[in-house]
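Written below as structure tokens is the structure these notes are about.
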Amino acid sequence: MKTSAVILGAGVSGLSAALILLKRGYTVALLERGAVGGESSWAGGGILSPLLPWAYGEAVAALALRSMAGYADWVADIERHSGRDAEFWRCGMLALDVAAPDPALAWCAAHGMAAQRGYPQSVSLPAGLSARAPIWLPGVAQVRNPRLVAALRAAVVRHGGTIHEHCPATGVLAQGGRVTAVLTATGTLPADQVVLASGAWSGTGLAGLAAVPNIRPVRGQMLLFKLAPGVLETILYCDGLYLIPRRDGHVLAGSTLEDAGFDKSTDGATRLRLHADAAALLPALATIQPVQHWAGLRPGSPDNIPVIDRHPDFDNVFVNTGHYRYGVTMAPASAELLADLMEGRTPSLDPAPYRWQAALERGWHDA
């Protein structure tokens, strides 16, 4: 008989975990409190790299770089099984006004990440950017988040997974140090294994299941513009702001970092500020209005380090959450690490930084 797994959360982290478990022979059901991928997975920009990779610790780099190395093949497999295009595009990223370019370039060289000072003439850029101490990262890719979610969902269903939308878990039944079933308002799901992948809500806990430590929602507001295709063909990053072009001419501008609890509202002042900052980078945006303005809630964690480990209270409960800004980037490697831990395999990455105990010991710098 196959091992059954119930996954709480059907964002990119939950769907990625479901897909690898289905491929390893599990039966999988996902419970999603809202719409599939409707929270931070939908709201993010889809840059497949930490914004400035050299600015993070090795725990972030290890997961991100492992995912980035295999992302093209991972997406191609998902697209093959789903019949949907996730719009993977290796468009490169230009980081502007880098304060210490030499250490940044040395970090990239040490970690096998292609980087160069300046940019090749083949890259078409708005006037004036060439003089702003750029570092060109040609290997950085992107996906279109809602389309990746749709492709992942279809692949999970194609592999036999079951998804219950608008069906939040309300608690668990436990016996002898193991969870035996997950409770919902509409019924009870027996489970051999349980995975908590509920994003920003992982820090709120569940009846009978302790909250993941130091996870809290961090709001991010984004703007979407529509230009002609080809006006911008690479990601631009400068001093916390990024512009992400899509092949059809859409350009995303973001993003804020706001400690606003579970409030996903947007405000006019932020809209004006983001628009002005975006137009300073790409003047073509100055004379047009955004076509959309939204906010998402990231699963914030100290130092952007996720928690991927066994839950300390139960032998058969695992967590895959707290990826903060890089859940989409880290999804393949995080799912692989999770599945290896669930099966008692020796993982390819050192799991120590992602342990529950490590998360307990990390604190927020503003605490």
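Run Gly254 past the list (1) among the small types (Gly, Ala, Ser); (2) open to solvent by 40 Å² or more (accessible area, probe 1.4 Å); (3) closer than 30 Å to Ser202 by Cα and report the number of the one that doesn't hold.
(2)
I'm told Pro190 meets every condition in (1) farther than 30 Å from Gln121 by Cα; (2) out of contact with any Ser or Thr (no Cβ under 8 Å at 6 or more places or on another chain); (3) loosely packed, with under 14 Cβ neighbours inside 10 Å except one. Can you identify the failing condition by its number?
Unmet for Pro190, out of (1) farther than 30 Å from Gln121 by Cα; (2) out of contact with any Ser or Thr (no Cβ under 8 Å at 6 or more places or on another chain); (3) loosely packed, with under 14 Cβ neighbours inside 10 Å: (2).
Look through Leu285, Leu297 and report the one residue that is more than 20 Å from Lys23 (Cβ to Cβ) and over 21 Å from the mean Cα position of the chain (by Cα).
Details: Leu297 fails: over 21 Å from the mean Cα position of the chain (by Cα).
When all the criteria are applied, what remains is Leu285.
Cβ-Cβ distance below 9 Å, separation of 6 or more or different chains: which pairs start in segment 94-115 with a residue that is open to solvent by 40 Å² or more (accessible area, probe 1.4 Å) and end on one that is aromatic (Phe, Trp, Tyr) and assigned to a loop (DSSP other than H, G, I, E, B)?
Close Cβ pairs (under 9 Å, with a partner that is aromatic (Phe, Trp, Tyr) and assigned to a loop (DSSP other than H, G, I, E, B)) do not exist here.
Within 30 Å of Thr184 (Cα to Cα) and charged (D, E, K, R): is that true of Glu39 in this structure? Step through it out loud before you land on a result.
Values: within 30 Å of Thr184 (Cα to Cα): yes; charged (D, E, K, R): yes.
For Glu39, the condition - within 30 Å of Thr184 (Cα to Cα) and charged (D, E, K, R) - is met.
Scan segment 59-93 for residues that are hydrophobic (A, V, I, L, M, F, W, C), in a loop (DSSP other than H, G, I, E, B) and open to solvent by less than 50 Å² (accessible area, probe 1.4 Å) and report the count.
Looking only at segment 59-93, we keep the residues that are hydrophobic (A, V, I, L, M, F, W, C), and these are 59-65, 68-69, 72, 74-76, 78, 86, 88-89, 91, 93.
Filter once more, keeping what is in a loop (DSSP other than H, G, I, E, B): 86, 88, 91.
Next, only the ones that are open to solvent by less than 50 Å² (accessible area, probe 1.4 Å) stay: 86, 91.
Number of matching residues: 2.
Quick check on this structure: which one of Gly171, Gly240, Gly203, Gly176 is surrounded by fewer than 24 Cβ atoms within 10 Å (Cβ to Cβ) and within 30 Å of Ala286 (Cβ to Cβ)?
Numbers: Gly171 fails: within 30 Å of Ala286 (Cβ to Cβ); Gly203 fails: within 30 Å of Ala286 (Cβ to Cβ); Gly176 fails: within 30 Å of Ala286 (Cβ to Cβ).
Checking each option against the conditions leaves just Gly240.
Six or more apart or on different chains, Cβ atoms under 8 Å: show the pairs whose first residue is in segment 59-87 and at positive phi and whose second is surrounded by 15 or more Cβ atoms within 10 Å (Cβ to Cβ) and part of a helix (DSSP H, G or I).
Gly83/Ala154; Glu87/Arg147; Glu87/Leu148
Tell me which of these Asn304 doesn't satisfy, since it passes every other one: (1) under 26 Å from Cys238 (Cβ atoms); (2) touching a Lys or Arg at 6+ places or on another chain (Cβ under 9 Å); (3) modelled with pLDDT under 95.
(3)
Quick one: would you say Gln289 is open to solvent by less than 10 Å² (accessible area, probe 1.4 Å), polar (S, T, N, Q) and over 22 Å from Met330 (Cβ atoms)?
Values: open to solvent by less than 10 Å² (accessible area, probe 1.4 Å): no; polar (S, T, N, Q): yes; over 22 Å from Met330 (Cβ atoms): yes.
The answer is no for Gln289.
Look through segment 17-49, keep the residues that are among the polar types (S, T, N, Q) and within 11 Å of the chain's Cα centre (by Cα), and return whichever of them is most open to solvent (accessible area, probe 1.4 Å). Quick ask: steps written out before the conclusion?
In the first step, residues of segment 17-49 are kept if they are among the polar types (S, T, N, Q); the result is 27, 40-41, 49.
Keeping just the survivors that are within 11 Å of the chain's Cα centre (by Cα) gives 40-41, 49.
On the way: Ser40: 41, Ser41: 15, Ser49: 1 Å².
So the residue we want is Ser40.
Could you list all residues from segment 244-260 that are farther than 13 Å from Arg298 by Cα and modelled with pLDDT of 95 or more? Give the steps one after another, and end with the answer.
In the first step, residues of segment 244-260 are kept if they are farther than 13 Å from Arg298 by Cα; the result is 244-254.
Listed by number, the residues that qualify are Ile244, Pro245, Arg246, Arg247, Asp248, Gly249, His250, Val251, Leu252, Ala253.
May I ask you to list the residues in segment 303-316 that are under 24 Å from the mean Cα position of the chain (by Cα) and either of a type in the set (S, T, N, Q) or surrounded by fewer than 19 Cβ atoms within 10 Å (Cβ to Cβ) (or both)? Reasoning before the result, please.
Initial filter on segment 303-316 (under 24 Å from the mean Cα position of the chain (by Cα)): 303-311.
If the condition is that a residue be under 24 Å from the mean Cα position of the chain (by Cα) and either of a type in the set (S, T, N, Q) or surrounded by fewer than 19 Cβ atoms within 10 Å (Cβ to Cβ) (or both), then Asp303, Asn304, Arg310 are the ones that fit.
Quick test for you: out of Val36, Val28, pick the one residue that is farther than 30 Å from Ala110 by Cα, part of a loop (DSSP other than H, G, I, E, B) and at pLDDT 95 or above. If you could, list the steps in order and put the result at the bottom.
Numbers: Val28 fails: part of a loop (DSSP other than H, G, I, E, B).
Checking each option against the conditions leaves just Val36.
If you go through segment 132-162, how many residues are under 18 Å from Gly327 (Cβ atoms) and either open to solvent by 20 Å² or more (accessible area, probe 1.4 Å) or charged (D, E, K, R) (or both)?
Applying the first criterion (under 18 Å from Gly327 (Cβ atoms)) to segment 132-162 yields 140-153, 155-156.
Checking the rest, the ones that are also either open to solvent by 20 Å² or more (accessible area, probe 1.4 Å) or charged (D, E, K, R) (or both) come to 144, 146-147, 150, 153.
The number of residues fulfilling the criteria is 5.
The values are calculated or read from the model by the stated rules, or taken from the named source; none is laboratory data. Predicted model, so just to flag it, every value in this text is computed and none were measured. We place every Cβ from the backbone using ideal geometry, glycine too, and count neighbours over all the protein chains shown. When the accessible area is computed, the model is the full protein with side chains, heavy atoms only, and any ligands, DNA or RNA have been set aside. Shrake-Rupley method; radii C 1.70, N 1.55, O 1.52, S 1.80 Å.
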